[in-house]
Every structure is written in structure tokens, then in C-alpha cells.
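Structure first, then comments.
The values are calculated or read from the model by the stated rules, or taken from the named source; none is laboratory data. As the structure is a prediction and not an experimental result, all values here were calculated from the model. All Cβ positions, glycine included, derive from the backbone under ideal geometry; neighbour counts span all protein chains shown.
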There are 4 protein chains.
Amino acid sequence: MGNFTCETDAVFPGSNSYLKAGRHNHPEGTVLDIGGIKIGGNTFVIMAGPCAVESEIQLLTTARAVRERGANILRGGAFKPRSSPYSFQGLEEEGLKLLRKARIEYGIPVITEVMDTRQVEMVCKYADILQIGSRNMQNFPLLKEAGQCRKPVLLKRGMNATLDELLLASEYILDGGNEEVMLCERGIRSFETSYRNTMDLNAIPVLKRLTHLPVIVDPSHGTGHAWMVPYLAKAALAVGADGLLVEVHYDPLNAMCDGPQSLSIEQFGSLINELKILSCALGKDLIVPEISFI
Amino acid sequence: MGNFTCETDAVFPGSNSYLKAGRHNHPEGTVLDIGGIKIGGNTFVIMAGPCAVESEIQLLTTARAVRERGANILRGGAFKPRSSPYSFQGLEEEGLKLLRKARIEYGIPVITEVMDTRQVEMVCKYADILQIGSRNMQNFPLLKEAGQCRKPVLLKRGMNATLDELLLASEYILDGGNEEVMLCERGIRSFETSYRNTMDLNAIPVLKRLTHLPVIVDPSHGTGHAWMVPYLAKAALAVGADGLLVEVHYDPLNAMCDGPQSLSIEQFGSLINELKILSCALGKDLIVPEISFI
Amino acid sequence: MGNFTCETDAVFPGSNSYLKAGRHNHPEGTVLDIGGIKIGGNTFVIMAGPCAVESEIQLLTTARAVRERGANILRGGAFKPRSSPYSFQGLEEEGLKLLRKARIEYGIPVITEVMDTRQVEMVCKYADILQIGSRNMQNFPLLKEAGQCRKPVLLKRGMNATLDELLLASEYILDGGNEEVMLCERGIRSFETSYRNTMDLNAIPVLKRLTHLPVIVDPSHGTGHAWMVPYLAKAALAVGADGLLVEVHYDPLNAMCDGPQSLSIEQFGSLINELKILSCALGKDLIVPEISFI
Amino acid sequence: MGNFTCETDAVFPGSNSYLKAGRHNHPEGTVLDIGGIKIGGNTFVIMAGPCAVESEIQLLTTARAVRERGANILRGGAFKPRSSPYSFQGLEEEGLKLLRKARIEYGIPVITEVMDTRQVEMVCKYADILQIGSRNMQNFPLLKEAGQCRKPVLLKRGMNATLDELLLASEYILDGGNEEVMLCERGIRSFETSYRNTMDLNAIPVLKRLTHLPVIVDPSHGTGHAWMVPYLAKAALAVGADGLLVEVHYDPLNAMCDGPQSLSIEQFGSLINELKILSCALGKDLIVPEISFI
């Protein structure tokens, strides 16, 4: 984390309340291992895929394309938190089955969201990583349940959550006995209306200093506009994040959910090329997996 | 709602998406009936009690005192959403039993929070009103579950939720078939640090215009300071709210939770006296229940 | 300010830095006297008029109408701070002359905005009260210049200013030797887009406790919608403010500036009637001036 | 700006109101020339120096050191906007003279803040670039005055200003006839308290798309902590900014102003080395000036 004067105590006088998440008790950064893929340490990991699992062709086409272009992990939502009850709510278990199929077919681990304590067991059967979304960052029963399971968890920052609250939320999972947790900055809500959310990249160095957990950035929700994503993705790499969670769709204009913020396959490919050059200059490892499924 | 020029469409071009919560389909305001106590219409209802149920003596003493001074409904949390896993998490079912005891003893209906889909059935057995807290406003599985039960629900606005999101969240409950919903403004998160939250009283007339559901104000969380509560409680009455949800403790200095924002019994009594005078001037009914339990 | 436990030190540990604005050095509230009209103490003062001075007929018609219905002070902008250079910038000195004419004709003191250090002398010649707007709350040279003049100053809170910053800004004026200062809450900027600003009524009791200066509320800018103004005006009275600054136009639909948030004459008259009843119940004096100009 | 789908109209339906700042009327980005130093185009410019000019030895020592390590332009405040009237207000004209001395001695152009319309003429005599600070972004008389002068202007975004308001503010300067304007993102005010401000890097690509003006980032105010500055500086480069404005002090612990966010000389040197490598990878020119003053 560089050799600048340490101000941790000034930043959070109460940072010793992060009994399990705090870096003070765990000076080495945690490195997760997802079937051979490292998250944390010197690696910059790429998780990519559609917002929602919509159909077999949509998921498998996108999965293959992102895998070929450098994604390490496939994202895709089977349970979708939607503001309105009248919006598409996800394919549920059917979607989970498609994710499993994509994993088997293309040898890529999958991350997917869990929204309800009663879903945790089922989602664990299909997913390699559980995602807890912004709206559930302080759904404490869900955090406790995630603490009981044996799958890594990606915990997204709430859209108005302080870093203190995010770290305490992670503490619920860790305290339950699950040590495989990573955090995710995905934009906060501000007064500015030209983007869906306001990416808070200040959070990355502060989190990296306060906690040993890996820190991922989601520039898709952090901006809400596909054309902005590559700029913020590069900034996330430069600011010290451990990876990206990014929405890619094989046909963004016809996506059932979050099309405007989804990269096309081509845009994703270009982004990976830019990130490769940048990670070199920064001394970070962006590891494009070998392809064995052709 | 007065006779001023209507700007509803300008306020929310999409307000016709509130299929069940929208006032356009339901011009008369909804009036709930909780064992004879009215919420909505011309009534200003008082829900008061401790943040958390701590013990029999704490709950019963406070319950009796607030009932004697004019509370219509008793509040008290058995399941507590706490930022840290190391803070007091509530007495759980034991707390629910104490609430039931207070209701029987003093003839006062009770409202208590539910945090997990798996708790809904149990909480319904004990409570007269289910409360869904700010952190769970977009916990959609919980909203759906609440839509299935046959108890009134008080839905709190998330601390960064827009009114649009609040109304759509209520739509989840209504769409499930539960028509007994009320909304609650409890302060939003802003940059100002002199109070715990920033009470947003603009929300009251806008909500009253957009929806037929009753709108309650929680000045305890909305300020975080007991001395501020009476000022904002009076403002809530003047701005057109249908009632208050207010924290009262028989010994605030020794409360296990939210002591600094809890009124003492005496402060609560004074507040009720002030509200009586004000409600008269405003033509609202603040109905102090008769006491039959002495 | 009621008899609740005092938490001032907890609210602002540095409140002793308000050397001249702080209540600790000046326990009695300041009462300004504007040609016989009191601001502060037990009085609830009404300042009303158009956003901008547009023409002689517009100003005089509105001035007469608000004076007849109970306004104590006439507002009207001659220098207008507009986001775009291509919007109407105000009538400047011509507008000031019209304000003077209205004052002479109807015996009503006038308040008007000053935006530039170089305008202070000129505005002082015409106005009874100088207004420093939100965008200039931290225009320190302007505050210093206002500290040198001998006219009362109404200082508006910046739309993202903390109360600490507002009080320190008032300190610039007071420290220059001008003791006649009042503060004005006019809404802060939040994430909520259904209103122009978010009225922060929490600020009123906190300011009243921290400072001896009168505190005024502007519900026109605080809401941005004329139909909301009466609700928030009543809440401002109930929460303990010392008066209102409210926009009234004789023809809101054709106003050159801020029409949507301007009350019509009739709406203003109804509001005053409501406020009279409410002020009675609250023990505040709303003094409708006698009319001598017919 | 890359070859992603253009959504400008969706971002700002009113973007055609930026008559002079809008990129639609001026597709080529503006490149300023400050005595041979380019701002805009492919260059990444470094402006560095102390928050405030404090003394001859402080300014000249820091100026020489930053010039040797790669700064293109020297920053330093002679007029300081301070929240409290009791804080150090700057050396005023004495400070301007020291800036001129540093420029002559080390051949480095200087940027300094102007706060008052009456200071513009004087500051123009000494400075190469006028800075208009966050608190004055909507000080319209000052913007108009800056539009009349013939010096480049760096306009900082207000801490709660939308990009729309920032662009309209720049329009005041441009409309006055001064075409040499650059914008500066310096952090917005959010609910998060672990940093002084929240750097909004989303603003950079959006501004670059909407306007032809160069866009600078100030990571010192954007974070408030010296140790965070290098992380956000690299992110600013990666996200597409045209340069940095960064605070450097030869003795941060004893700075009269903003010490905690000022880099030491050594930290600044390390940062430049990191930025050189990164700018190479990004195809941007970071031009370290030759040294001729030894």
C-alpha cells in the first residue's frame, strides 16, 4: 500500500472494532482461491457477464464470449432485486441451472446474487461465489446465513453506506465462521443526476488500508452508462482495486435489465486489451485464462 | 390536502406506476383500524415505547406510562438490526412474549420489527402491526412475505430511498394482497453531522398527494437527540402527517439501545400536552385512550 | 427552547468558536427592529414578495396585496444569481428604485439580495435588509463588506453547508461590527428529486440552541412547488422558526423567475389565515400590520 | 474519447445550452498555452505547490523542489477562503509578490486564487492563471469579471454543484470573451466522513464528452489525506483527466493550512515517478520541464 505516513487511526478511531475484518489483526492481505483463480494479492480479477440470466442462448453466448476475451469469473443474476414488483424478477432456480451449465461448458466459476435467507442453501449448490447486493448490505439475517455457508461471498456496499458500516457488515459474515469475503464498491447515491450512481474511488485505498479483504469495483452500476465503464474500470485498476465486476451482454439493446450500462462483447474485448497494458505498467497481474473448451 | 394547484404529474411523471398505492386509483385516504384505533383520516396516532424490549420491568413500566399519557400503540423491538454483530441483537421470541404481555395488561396494540422472511409467521402471532425497517425497505423477499400475511405493515423509508422507491416498495406488499400498509418517514442521510439523520418533512405532503396510504413520522431516528424530538414532532403534525412513532424509555441513560434519542416518561407527557393543543388548532383528532387497567 | 436535557456540547464540540454568534456569550435571543417591526423574540415575521422585481406594476401590485394580507416585510430581487448567463439577470438599480417606491407607497420595509462587494453601498441606500444568498454564503469578501455596513443582514444557508459553516459565515459579518444578522434555512441539496431542495427543519432547533440570532425559513426554495409551501410554512412555525421568507407573485404563471414555487395572492392570503390560528396555539405573535395607505 | 456509443443527449437533454463551452460547437478539445506549457490535448499537466503562500523561504523552497521534480506550474494561495474569520486569511498582495519572485527565479508559471471582483485586476498583474475556488463557483459577478480579463482561468466545481451548473458557470466566463478556461473536479460533499470530500471521477469522462475545455483533478481536496493523494492521482490520469492540481509543502506538519493533505517533497517526487510510467502506458505526455535555473 505504498510507504506514505499512516493515518489509519485518524481515519477511523474505532477501527479496532473490526475484530475479524481489520488489517491490524491480519497484516497480510487475504487471497481467495476460486478453483485456481486468485482474488487478492497481486492479481487483478475480471468478473463479467449479464446483469440477469435471461435464457440459455443469452447466457451461454455471453459466457463463452467473455471467457474467450479474458473474464476469470462469470456473473449473472437468477434472483433480481427490482424496485418495482412489476419488473422482471429473474429466472430463479432455472437461472441457477443455466449458470451451472455455463460453468461446466466453459470451465468458468460463477458468481450470483442471493437475496433471501431461505435461498442460501440452494444458491450454494450452484454458485462458486455468493453475491450480497447493495440493498441487502444490512440485511443482517442474510449476512449471518452467509456466515454459516462454505462459499466465498462478495458483499456490495450499500448505496449510502459508510465504509464503517460496510466493514461491520462483513464482520457479520466473518464472525459466523466464513473467512472468504470480498468487498465491492459500486457507486454511492449523490445529488448528481448525470450518472446512475457516483463511483467512490476514495473508498478503495481506505478499505485496502483498513481491511485485509479483497476489494472489487463495479463500474457498471457505478456509472449506469456503458460508454463510461472503460474509463472507470481503468481508474479502478490504477487506484488499487483487486478486480472488476462488470456487466456484459451479447445484445445490450435488448437486455431485459440494465442494458444501458452493459458492455457489448466488442467493448468488453477492447477494455481487456486496455487493462492488460495498464496492469503491466502498474505491476499487477491480469491473468487471461487459457481456453480449453473449443 | 388543501386546494392548491395540482402538480402531481410534474412531481412524478411515472406516478401511474403505483397501481395499488397510487391515490389516483383510490382518491379516499385509507384508514386502518387496529382494534378500534384508527390510523389515517382525521386522526393523529401516537405509537410510543422503547427502541428495544430489554426486560419485563423495562417494557411493562414504559408501556403503562406511555399508555397513561396518551400513546395509542406500543412500540418495542424484539429483533434489532445493529450495525455491528457485537451489539445487543434483541431478545427475539422472549421479547415478543413480553410485548404480548404488555398488550394484555394495558390493552394497547403493539408494533414490532420483522427482519427475516423466516420470522414473519412468528411475529404475526404476537404483533398487531409489523414494522419493516429502513435497512429492509428494499428487502423484496421480506416485502413479498409481508404481502402474504394478514397483519398491517408499517414500512419505513430507507435512509437514502427516493419517494418513488418507497412507493414501489409498498407496492410489493399491496400486490401480495395485504392492503393494510402505512409508510414512515424517519430521516434521510445527508452531509450534515449535527444530527443522526435529516428529517425530510417535504416528503409528507408529497406522499399524501401521491398515495392513499397513511404516513407516519419517526422524529426519534429523524434527529437522534431526545431534546429535538418535540420540535420535530410538532412540525410533523403541522405538515400533515397521520401520526408519530417515537422512542420513550423509563430510564434513557441506561437504555441498551438508542438512549440519546429516547424521551423520558416526563418528556413524553409534556409532548402529548403540546400536541393536544396543536392538533386542536389544526383540526386533527389526537385521541387519548381511556384508561381501564388501573 | 423547552426544558430538555442540554446536549449542545455533544452537538458541536467546537461551538465555543462562535465567539459572537454563540448563545453561550449571549443567552438572550437577539431581537432586530426594522422600523418598528420585530424579528426574533416571540414574534413570527412574514417577509413576502416576488422572486425578482420585474416591473413597476408587478412589484407595486404584489406589494400592496401582500401588505394588505399580512406581510411585514417586502422581498424582491434586483440582482439575480442565475445558473445561466443567458437567463434574466434582474433590473439592477432600476429594481432597487422600484423597491424604494413600494416602501414609500405602502409603508413596508424591503429586503433585497446583494451579490457583489461593489454593490453593497448602493443596495444599502435602498434596502432595509440585505440578503446574502445561498451561493454566496461563503463569499467571504462579501460577508466582510456586509460586516462594515449598518443595515441588517439575512444570511442564507448554502445548499450543502453544515450548520457549523453557516454559523462561522455569520461570524464574519458580526466580527466586522454589524450585529444585526439573521439566518435563513432554505433547503439543502439531497438525492431526492421530487422537490427542488430538501427542507432541513432539524436545523431550526439546533440553530436556536447554538446561536442568539433569529432564524427564518424559506419554504419557497425549500420545496420548489407552490402547493407544498403552506405545509412547510406551518411546519416551520411549529418547529420554532422566527419567521418566513416566501415568494408571492400576482401572476405566477407569467413570472420571469421561480413561478412554479410562487404563491398567488389568494394562496398567500389563505396561508396567513392558517398561520394566525397556528401561532395562537403555539403562543407566538404573528402581527398583521395595520393598513394606512388606502 | 474512445469509440463507444454516444449518449450525450441522454446525459444532458439541455446540453445545447452550453453555447460556448459545449463540445458540439467545438469538436476539437481546447489546448491552452501557458508560456509554452500546454494544457489539454495529449498532455498531462502537473500544477503543484503549497495551499497558502506563507513566507519567502516556504514558497521558494517548495517551488524549486516541485519544479525540479516535474511540476509544470506552481500553485499557492495569497487570498485564502477560510470557514472562520479567525483563521489565517493569506498574505494578500505580499503573497502575490512572492509568487512572482518564484516565477522569475525558477521559470515556472503560477496559478493563484481570486475571491473578490475588486481583486481581479491586481491578481492578473501577478498570476499566469486565475483560480476561482469551489465556494465561488456561482459567484456570478466574479465570473463575469474573470470573463473580462485576459488571463486563463481554472474554475473549480462547487462541492455540491452538478456538472450542468459547472458548465453554465464556465459559460459566464466564456461569454465575457475570455476563451481560456479549464475546469477542475475537487471532490463533492457526501455522507461519507472518512475523507474530507468524495472524489467524483465519473465527472471526468462526462465533462470531456460535453465540453472542449480541459479538465483538471485536485486529489488533495478530493481526499483530504496526503497518503491517499497518489492513489487518486493515478486514477485521475487513468480516467482521462488533463492534469493535476496538487498540494505540496516542504514541511507539511507545520503548514499554516491544509497540512494533512499536503504531500512532502519526497512524496511528490515518488508520485511523479509513478505517473511517468503510467502516462507512458496510457499514451499521454507528462512533460517534465528542463531545469535551467541551477
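Quick notes on this structure:
- Test for B:ASP200: is it touching a strand residue (DSSP E or B) at 6+ places or on another chain (Cβ under 9 Å), surrounded by 24 or more Cβ atoms within 10 Å (Cβ to Cβ), within 11 Å of chain C (Cβ to nearest Cβ) and of a type in the set (D, E, K, R): yes
- Verdict on C:GLY187 being modelled with pLDDT of 95 or more and either surrounded by fewer than 24 Cβ atoms within 10 Å (Cβ to Cβ) or touching a Leu at 6+ places or on another chain (Cβ under 7 Å) (or both): no
- The listed residue being closer than 28 Å to D:THR61 by Cβ and touching a residue at least 12 places away in the same chain (Cβ under 8 Å), out of D:ILE204, D:ILE277, D:ILE272: D:ILE272
- Hits in region A:78-129 - residues which are small (Gly, Ala, Ser) and under 13 Å from A:GLY49 (Cβ atoms): A:ALA78, A:GLY95, A:ALA102, A:ALA127
- The residue pairs whose first member lies in region A:26-37 and is surrounded by 11 or more Cβ atoms within 10 Å (Cβ to Cβ), whose second member is among the aliphatic types (A, V, I, L, M), and whose beta carbons are closer than 6 Å, counting only pairs six or more residues apart or on different chains, are A:THR30/A:LEU213; A:LEU32/A:ILE39.
- The set of residues from region B:184-200 being under 23 Å from B:ILE46 (Cβ atoms) and part of a loop (DSSP other than H, G, I, E, B) comprises B:ARG186, B:GLY187, B:TYR195, B:ARG196, B:ASN197, B:MET199, B:ASP200.
- Taking the numbered list (1) farther than 23 Å from A:LEU32 by Cβ; (2) under 15 Å from the mean Cα position of the chain (by Cα); (3) of a type outside the set (Lys, Arg) in turn, A:ALA226 passes all entries but (2).
- In region B:219-243, the residues that are away from chain C (no Cβ under 13 Å) and on the phi < 0 side of the Ramachandran plot: B:ASP242
- Residues satisfying the stated conditions in region D:227-262, i.e. among the hydrophobic types (A, V, I, L, M, F, W, C) and either assigned to a helix (DSSP H, G or I) or free of Cβ contacts under 8 Å to residues at least 60 places away in the same chain (or both): D:TRP227, D:MET228, D:VAL229, D:LEU232, D:ALA233, D:ALA235, D:ALA236, D:LEU237, D:ALA238, D:VAL239, D:LEU253
- Scanning region A:128-183 for residues that are within 10 Å of another protein chain (Cβ to nearest Cβ), among the polar types (S, T, N, Q), in contact with a helix residue (DSSP H, G or I) (Cβ under 8 Å, 6 or more places away or on another chain) and part of a loop (DSSP other than H, G, I, E, B) returns A:GLN138, A:ASN139.
- Inspection of region B:259-281 finds no residue satisfying the criterion of being more than 16 Å from B:LEU74 (Cα to Cα), away from chain C (no Cβ under 11 Å) and in contact with a Ser or Thr (Cβ under 7 Å, 6 or more places away or on another chain).
- So C:GLU54, is it of a type in the set (Asp, Glu), loosely packed, with under 15 Cβ neighbours inside 10 Å, more than 16 Å from the chain's Cα centre (by Cα) and away from chain D (no Cβ under 14 Å): no
- Residues being under 19 Å from C:LEU237 (Cβ atoms) and not hydroxyl-bearing (Ser, Thr, Tyr) - total across region B:209-232: 7
- Some residue of region B:79-96 being within 17 Å of the chain's Cα centre (by Cα) and crowded, with 23+ Cβ neighbours inside 10 Å: yes
- Within region A:242-263, the presence of at least one residue that is β-branched (Val, Ile, Thr) and closer than 16 Å to D:ASN202 by Cβ is confirmed.
- Of all the criteria given as (1) within 11 Å of chain D (Cβ to nearest Cβ); (2) touching a Phe, Trp or Tyr at 6+ places or on another chain (Cβ under 8 Å); (3) over 30 Å from B:GLU165 (Cα atoms); (4) surrounded by 20 or more Cβ atoms within 10 Å (Cβ to Cβ), the one not satisfied by C:THR112 is (1).
- Looking across region A:282-294, just one residue is within 10 Å of chain D (Cβ to nearest Cβ) and either surrounded by 13 or more Cβ atoms within 10 Å (Cβ to Cβ) or in contact with a strand residue (DSSP E or B) (Cβ under 9 Å, 6 or more places away or on another chain) (or both), and that is A:LEU282.
- Whichever residue in region C:79-109 is touching a strand residue (DSSP E or B) at 6+ places or on another chain (Cβ under 9 Å), among the hydrophobic types (A, V, I, L, M, F, W, C) and in a helix (DSSP H, G or I) and, among such residues, is farthest from the other protein chains (Cβ to nearest Cβ): C:ALA102
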